[in-house]
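Asks: What follows is a structure written as structure tokens; I'll ask about it next.
The values are calculated or read from the model by the stated rules, or taken from the named source; none is laboratory data. What you see is a predicted model; the values in this text were computed from it and never measured. Glycine gets a Cβ as well: all are built from the backbone with ideal geometry, and neighbour counts include every protein chain shown.
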Amino acid sequence: MEEIEKISTEISEDICDLETDFYCRKLAVGSSSGKIYIFENINKITSKVSEVISHFGPIYKLSWSHPNFGPILASCGFDKKVNLFKIEQNSKLEKIYENDMHDNIVKTVKFSPSSKNLLFVSGDLNGNIIVCDYFNSKFNTQKVFAHDYGVNAIDFLDDNNFVTCGNDNTIKIWNYSQENGNAVIKSDIALKDESNMSTMDLSCKDNKHFVCCGYSGNEGIIYLWELNEENKWESREIYRKDEKFEKVRYNVEHTCIAVINENGEENVIMESEFNK
């Protein structure tokens, strides 16, 4: 795999998460100090253009909205909050919203890919998710219990359907809709993992495929979930290694996945390999 660019961040704190925007021109970095750093690629040179203190304590997850809305960056962290920032023309970050409805550390947050609805979901260590969308000129929220022992990751299958995972060996698929101006959240599908794996992360390819990673004992496992012709979800193991997996992600082209272990070491698996 070819290295395209190496960025010197000059960040002294630990980097907890990083996310590129829709066009892969802006890079947001969340640090252990609660700061967000924004890097931008201008004339093929990437440099830091802005920074802001977002949380008291580490930032655990970042997510960009669809560019139709700004763009807007969401962050969540140790202080039980979810913050939204709009990137201004001068590259400065302006906080536009703060959600403090969580009762424990917020482990994950994810925007819907929708270009029409500004919608995000966040999950905490108490097992609750909060679904927040913007309609009727205000942010509307709904809190729902999702997983025993905490929510580890969230990703969207499409504009209105999303997946959550946690430490309860269950993956849930949720549908969001607006009815009479109210948000309706339904978990119609609960996929039980029979391997007793603690599911740490997941990544969606499209509305019929997603991968999840975790570990059972000291062995890391990746599963591919697929929606079959009978409209039922099926899983199969595609990778196993003697190390604990903590993060997994499809690349932009959905041609490979990267999995990161507890030591920060990365393995890349081409899709052609696990489709054999």
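Asks: For segment 172-276, give me every one of the strands (runs of 3 or more DSSP E) that falls completely inside it and has 2 or more residues that are under 18 Å from Phe156 (Cβ atoms) and either modelled with pLDDT under 90 or in contact with a strand residue (DSSP E or B) (Cβ under 9 Å, 6 or more places away or on another chain) (or both).
Replies: The qualifying strands (runs of 3 or more DSSP E) are 182-192, 198-206, 209-216, 219-227, 245-250.
Asks: Additional query: Can you pull out the strands (runs of 3 or more DSSP E) entirely within segment 91-161 that have at least 2 residues that are surrounded by 18 or more Cβ atoms within 10 Å (Cβ to Cβ)?
Replies: 93-99, 106-111, 119-124, 128-135, 151-156
Asks: Give the number of residues within segment 159-171 that are modelled with pLDDT under 85 and β-branched (Val, Ile, Thr).
Replies: Number satisfying all stated conditions: 0.
Asks: Under the condition of being surrounded by 15 or more Cβ atoms within 10 Å (Cβ to Cβ) and of a type in the set (S, T, N, Q), which residue from segment 211-269 is farthest from Asp168 (Cα to Cα)?
Replies: Checked segment 211-269; the qualifying residue farthest from Asp168 (Cα to Cα) is Asn267.
Asks: Please work out if Phe56 is at pLDDT 85 or above, part of a loop (DSSP other than H, G, I, E, B) and within 15 Å of the chain's Cα centre (by Cα).
Replies: Here the answer is no, as Phe56 does not meet what is asked.
Asks: Restricting to segment 63-90, count the residues that are in a loop (DSSP other than H, G, I, E, B), more than 17 Å from Tyr134 (Cβ to Cβ) and not acidic (Asp, Glu). Let's see the steps before the verdict.
Replies: Looking only at segment 63-90, we keep the residues that are in a loop (DSSP other than H, G, I, E, B), and these are 65-66, 70-71, 78-81, 88-90.
If we keep only those that are more than 17 Å from Tyr134 (Cβ to Cβ) as well, we get 78-81, 88-90.
Narrowing the set further to residues that are not acidic (Asp, Glu) leaves 78, 80-81, 89-90.
Number of matching residues: 5.
Asks: I would also like to ask the following. Determine if segment 39-47 includes at least one residue that is small (Gly, Ala, Ser), modelled with pLDDT of 90 or more, assigned to a strand (DSSP E or B) and touching an Asp or Glu at 6+ places or on another chain (Cβ under 8 Å).
Replies: Filtering segment 39-47 for residues small (Gly, Ala, Ser) gives 47.
Filter once more, keeping what is modelled with pLDDT of 90 or more: none.
No, the conditions are met nowhere in segment 39-47.
Asks: Only one of Asn140, Asn126, Asn117 is out of contact with any strand residue (DSSP E or B) (no Cβ under 8 Å at 6 or more places or on another chain) and of a type outside the set (Phe, Trp, Tyr); which? Can you show your working first?
Replies: Working: Asn140 fails: out of contact with any strand residue (DSSP E or B) (no Cβ under 8 Å at 6 or more places or on another chain); Asn117 fails: out of contact with any strand residue (DSSP E or B) (no Cβ under 8 Å at 6 or more places or on another chain).
Unique residue meeting the criteria: Asn126.
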